[in-house]
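Take a look at the structure below.
Nothing in this text is a laboratory measurement; each read-out follows from the coordinates by a stated rule. Quick caveat, the model's predicted, so the values are computed rather than measured. FYI the Cβ positions are ideal-geometry reconstructions off the backbone, even for glycines, and counts take in every protein chain you see.
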């Protein structure tokens, strides 16, 4: 509030301008794509300013108090929404001091649907905010494309086929040599260091460090909190054999770096200065046990300081991990909200139990169970894995014992033994009752028979 009182008061005037005409799908883009990032109040403030700019006459202004009444919000809420609009690139604000203070609000054109999904920063942030399934559902609904029959061919005339800049009667002139200008790229990345690093690896830096790639790299490093040393590793990983930057590989590597440092919660937009109550307290065990002593403590620290990508790379003889498996594990970790250390324990546990195979259904079942159990650290994951393994071994032994017992009870007795037993049962009850010695003798004979019979079968 103190910041707002210094910069904005209810009686301050506002003049609103639109930088250029907006796209036809602006309302759809604001509601479905921008709103998850800047909140419904941010979109409401932008739309109110947009409508006001359409009717506001030149040299006229309104007070912020009037805008507050139209939106039914406080000035603090308006100020916070304004800051989000400025940060996301939808609003430029200028201040003029005079008899009274005037704020000039210049509305910037929002992206079209196509432009929004092509922007690497906004599209990635939207996916993290609303989830992968909802993201692709909205994208499929909004990004429609026209399809032509497969047997058609283009007969469109090119510009050079129709027009020429030189009159046919004029003699041919020597082409004018245009001096190439050095492209100045506005970026915070250390381009000279990146150029030198790529050259040392026998990679053609000019193929990688294009204007488009540099813009993409800078946005990914900002989203996933990648420093310059980590950037080197991610960049070298993502360069293909044809010396082309694979953007998906680069983003996945940046994502691994983020999860390793900050846990399983994907990067989102948070307002600076706000207390985030839902931020999980992960990586605390690594600080508490700086110098592990036992074998188990060392293993826990190992699981807390690597990613599942690095774990699979260490187990591979080639030193490379399957991208299909990495994507599957990353998606599973995000869907079930498992931390990186817990995911590492899960991968290690399944590989040992399943003959070094990562079966998706098996992984999914355990991941869902551990998520419901609230497993948050590598130590907890190892404990539940040991407990489940012990239960499995106990069940397996019991099952084996029951099977053997069942096989023994189903042994077929010889026909002559059955006939003798029936004849004894038919004898009259008046006969002399067998004494204890006779019973013991008969019992021993039966035991000897079964013992000899089982030996003959084996």
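Computed from the C-beta positions of residue 371 and residue 227, the FRET efficiency with R₀ = 30 Å rounds to 0.45. The equivalent ellipsoid of segment 191-262 has semi-axes of 19, 12, 11 Å, largest first, where each one is the square root of 5 times an eigenvalue of the Cα gyration tensor. Inter-part distance, segment 128-148 to segment 18-32, computed on C-alpha centroids, equals 18 Å. Distance from the C-alpha centroid of segment 95-118 to that of segment 302-333: 44 Å, rounded to the whole angstrom. Ordered by the number of other Cβ atoms lying within 10 Å of each residue's own Cβ, fewest first, 79, 303 fall into the sequence 79, 303. Measuring r between the beta carbons of residue 74 and residue 23 and using R0 = 22 Å, the FRET efficiency lands at 0.10. Coordinate range of the alpha-carbon atoms in segment 13-61 per principal axis, descending: 35, 23, 14 Å.
Got a sec? How would 45, 152, 124, 342 order by Cβ neighbour count within 10 Å, fewest to most? Spell out each step's value before the answer.
Numbers: 45 26, 152 7, 124 20, 342 29.
Ranked by crowding around the Cβ, least crowded first: 152, 124, 45, 342.
Can you bin segment 2-115 into rounded, prolate or oblate? Criterion: square roots of the alpha carbon gyration tensor eigenvalues sorted a ≥ b ≥ c, rounded for a/c under 1.5, prolate for a/b above b/c, oblate for the rest. Cα axes put segment 2-115 in the prolate bin.
Roughly what would the spin-label model give for residue 322 and residue 152, points 7 Å off Cα along C-beta, in nm? The answer from the label model is 4.1 nm.
Counting other beta carbons within 10 Å of each Cβ, put 241, 118 in order, fewest first.
241, 118
Between residue 189 and residue 134, the C-beta separation translates, for a Förster distance of 35 Å, into a calculated FRET efficiency of about 0.65. Site pair residue 41 and residue 66 shows an inter-label distance of 2.3 nm when each label is modelled 7 Å from Cα along Cα→Cβ. Gain on full extension, evaluated as 0.36 nm per residue between residue 55 and residue 6 minus their Cα-Cα distance, stands at 14.7 nm. Quick one: plug the Kirkwood hydrodynamic radius of segment 186-226 (C-alpha pairs) into Stokes-Einstein at 10 °C, 1.306 mPa s, and report D in µm²/s. Reported coefficient: 149 µm²/s. Computed across segment 284-393, the Kirkwood radius stands at 14.3 Å (inverse of mean 1/r, all Cα pairs).
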